[in-house]
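Trainee: Input: one structure, supplied below.
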Amino acid sequence: MLEIKFIRENSELVSKALKARCNDFPLDSLLKVDSQRRSLIQEVEDLRNLRNRVSEEIGKQKKAKKDAEQLISQMKYVASRIKELNNLLVIKEVSLNTYLLSIPNLPHPSVPLGKDETENPVIRTWGDILEFDFKPLPHWEIGEALNILDFERAAKIAGARFAVYRGLGAKLERALINFMLDLHQDLHGYTEILPPFIVNEKSLLSTGQLPKFADDLFKLENRNYYLIPTAEVPITNLHRDEVLEEEILPIHYVSFTPCFRSEAGSYGKDTRGIVRQHQFNKVELVKFCQPEQSAAELESLLLDAEEVLQKLRLPYRTIELCTGDLGFSASKTYDIEVWLPGQNRFCEISSCSNFDSFQARRANIRYRPKGQTKTRLLHTLNGSGLAVGRTVVSILENYQQKDGSVLIPDVLIKYMHGVERISK
C-alpha cells in the first residue's frame, strides 16, 4: 500500500510510474476522493471549534442569568451537521481505502522499462543445455510411462489441473522438499516455519492478494477463511501489527506448504502436465529487513534460489522483470526460468521480489532503530526456493534416458534412500 500523503505530494511521479507499469489506475479519482475527505475533516474541525467556543459563551450567559436559547438552538444545528458530515466522512474513508488497496506498488528506479514479458532482459544463464541423441519427451509422457504420474485418476478424484504422484514419483517430490529445506536452513541460514495452510481475509489484504486477486483464491464456503496461494501469506503475517527491534533484523524464514490457486485467467495455458496446477507444493523464502538492506537482501535471496538448480545441475536463466510485467505488490523482481528440453522452452520456477514497505504498510509491520523511540516501516521480500512440482518436471525432462528411465540427480540420491534411477 502506498501512503496517501506520498501520493498527494508526488502525484506526477506516481502517475508516471503507473504508466511505466502499463497500469490504468484512476489516480485522479483517488485524489478527488482524498480532497473531498480532507475538506470534510476541515469542516468538521471548524464546526467543533465553533461548538466549543459557543458552549463556553452559553455557560457564561447562563451564569449571568441571560437567555441562551438562540445559541443553544444554533448548537443543535451544529451537532446535527457534524453528525451528517461524519457519516459522509466514513463513506469517503471507505472509498479512499478501497482505492489505496487497489493501487499497485511503484517500480524501483532500477527496474528496466518495458511493456510486457517480451521485454524482460536476461541477466545471466547457467548450465549447458544437453544435446539428446533421441527426441526428448515432455514430462507428462515420461511420468505416465514410468507409472509415477496419474492424471486420469486425479481428474476423477478432483478435476482438471490436478495430479496423483505414485511410488518413486511421490518419493521424488518429497526428496526435493527435504533437500530444499535442508539447503536453505543448513547452508543459507533460514529458520524453518510450518504455518497454517488456511488464512483469514486480513492476512491476504496485508500481502496484496486481496482485493485484486480474489478470483484466483479458493475461499471456504460460509467462512472468512481461504486456502493459501503461497506460503508468502502466512509467513509475512507472522509479524503483522508488530514492532520488531532492529537487533533481530534481518529475519530469514523458509517454509514448505502446499499452495492452492484457481488459475483464473490462465485458460489454455500449460493445460498438460504439472506445470500449472490448482494444488502444488512450494518451498518459499521470506525476509524482513531494514530499508537500507533490502536491495542487497534481494540479490542474496536470488542466489539462494539459484543454488538449488545449480546443485541439481539443471540449466536455467535469470531475467529481470520490466515495469510492464511486475507483480502487483513488487517494486523489483527477478524470475528464474529452468530449461525444459521435452517442451523446448524455458519455464518459470522461481520469482524473487522486493516489496519495499508496500506490504509492511498494509500489515503494519514496523521496527525500532537502535537508540530511537520512533518506529519505521521495514521492507519485506520473498521468493520461491523452489516450486517443487516444476522442479520435478525439469528433472524428468533433463535427466531422461533413451531407454525411458530417468536418472536421479546426485544430491538427491540420499533423500531417495539410494535410488539412482527411475525405470519402467
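Trainee: Taking the solvent-accessible surface of protein heavy atoms with a 1.4 Å probe, what is the per residue accessible area of the chain in Å²?
Mentor: 50
Trainee: Looking at the square roots a ≥ b ≥ c of the eigenvalues of the Cα gyration tensor of segment 289-350, which shape do they give, rounded for a/c under 1.5, prolate if a/b is larger than b/c, or oblate?
Mentor: Oblate, since a/c reaches 1.5 and b/c is not below a/b.
Trainee: Over what distance in Å are the Cα centres of segment 347-382 and segment 174-209 separated?
Mentor: 17
Trainee: Expressed as an acute angle from 0 to 90° and rounded to the nearest 10, what is the orientation of the C-alpha long axis of helix 11-20 relative to the principal long axis of the chain?
Mentor: 20
Trainee: For helix 27-63, report the angle its Cα long axis makes with the longest principal axis of the Cα atoms of the chain; keep it between 0 and 90° and round to the nearest 10°.
Mentor: Its long axis makes an angle of about 30 degrees.
Trainee: Comparing V199, V254, V338, which has the greatest mean-square fluctuation in the GNM of the chain with Cα pairs linked when under 10 Å apart?
Mentor: V199
Trainee: Here's a follow-up. Using the Karplus curve 6.51 cos²θ - 1.76 cosθ + 1.60 with θ = phi - 60°, what ³J(HN,Hα) values do you get for each residue of segment 190-204, in whole Hz, with x for Gly and Pro?
Mentor: 7, 9, 6, 10, 10, x, x, 9, 10, 10, 8, 4, 4, 5, 6
Trainee: Can you flag which of K171/K402; K19/K115; K135/K269; K135/K424; K402/K424; K5/K212 are past 20 Å Cα-Cα?
Mentor: Over 20 Å Cα-Cα: K171/K402; K135/K269; K5/K212.
Trainee: With the contact rule set at Cα under 8 Å and sequence spacing of 6 or more, what percent relative contact order holds for the chain?
Mentor: Reported relative contact order: 20 percent.
Trainee: Sticking with this structure for a sec: Take the solvent-accessible surface of the protein heavy atoms, probe 1.4 Å, and return the percent of it on segment 197-344 that carbon and sulfur atoms account for.
Mentor: Result for segment 197-344: 46 percent of the exposed heavy-atom area is carbon or sulfur.
Trainee: Please sort 375-381, 211-217 by packing, taking for each peptide the average over its residues of neighbouring beta carbons within 10 angstrom, highest first.
Mentor: Descending mean neighbour count gives 375-381, 211-217.
Trainee: Of the listed values [x] 26.5; [y] 25.0; [z] 24.0, grab the one calculated as mean projected area of the Cα convex hull in nm² from the structure here.
Mentor: Label [x] holds the value from this structure.
Trainee: Who wins for biggest fluctuation among N52, N200, N398 in a Gaussian network model of the chain, springs between alpha carbons below 10 Å?
Mentor: N52
The values are calculated or read from the model by the stated rules, or taken from the named source; none is laboratory data. The shown structure was predicted, so the numbers you read here are calculated from the model rather than taken from an experiment. Here the Cβ is made from the backbone with ideal geometry for all residues, glycine too, and neighbour counts use every protein chain on show. The protein model used for the area step is the full one, side chains on, heavy atoms only, and it has no ligands, DNA or RNA in it. Shrake-Rupley method; radii C 1.70, N 1.55, O 1.52, S 1.80 Å.
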